[in-house]
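To keep things clear, I will list the structure first and then write my remarks on it.
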Amino acid sequence: MRILALLLITLNFIYALPDEFDKQRYLKGEEIFEQKCNNCHVKSMDIQLLMKNFFEKNNKLLKLKAPTGNEISYRLKHQIGSMEDIEFHLEETADFLKDYLYYPDKSKTICLEGVIKHFDTMPSQKGKISLKEIEDVNFFLYFLEGFNDVNEFYHDETQF
């Protein structure tokens, strides 16, 4: 019984979202993503399938127009700033997205070279999405992939 309790506590810690998580804001960001980003960016896909698509099939399997939301989620958290202070990290990732969406340039990409080579540089979203909407989409993307990188799309990037 003690082992079961310890296991439940451990799983709760792994899957627990931090205090900074706000479900209403997450849902608002998801709605904006679906309205303004989903034409090019699929929300989530299995990472193994994505890696096969990009590295074995040259994007001919899925014919994606842009990186998926869960790819962006992972990259935002691991390429921009530090996850030690979530509140500050959310600001850092939002600042990155604001700059990238208004002034896109492949030299600023956070995606893997083997992925980004399949896409053209996205058009500027200035005038199409507000700074506040970008902050909400950032919040959604930040937590989409799971805070502790534990969700159905979890992967170990060192395998690729």
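Below is a table of values for the structure above.
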read-out	value
Selection from the stretch 69-84 of residues that are acidic (Asp, Glu) and at pLDDT 90 or above	71
Options 87, 92, 152: the member that is farther than 16 Å from residue 34 by Cα and modelled with pLDDT under 90	152
Residues that are basic (Lys, Arg) and open to solvent by 20 Å² or more (accessible area, probe 1.4 Å), drawn from the stretch 76-107	98, 106
One residue from 3, 32, 9, 14 being modelled with pLDDT of 95 or more and either part of a helix (DSSP H, G or I) or loosely packed, with under 13 Cβ neighbours inside 10 Å (or both)	32
Elements of type helices (runs of 4 or more DSSP H) in the stretch 39-146, at least 3 residues being more than 22 Å from residue 21 (Cα to Cα) and in contact (Cβ under 8 Å) with a residue 40 or more places away in the chain	47-51, 113-116
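The values are calculated or read from the model by the stated rules, or taken from the named source; none is laboratory data. A quick note: this is a predicted structure, and the numbers were derived from the prediction, not measured. Note that each Cβ is placed from the backbone with ideal geometry, even for glycine, and that neighbours are counted across all protein chains shown. What goes into the accessible areas is simple: the full protein's heavy atoms, side chains included, and nothing from ligands, DNA or RNA. Shrake-Rupley method; radii C 1.70, N 1.55, O 1.52, S 1.80 Å.
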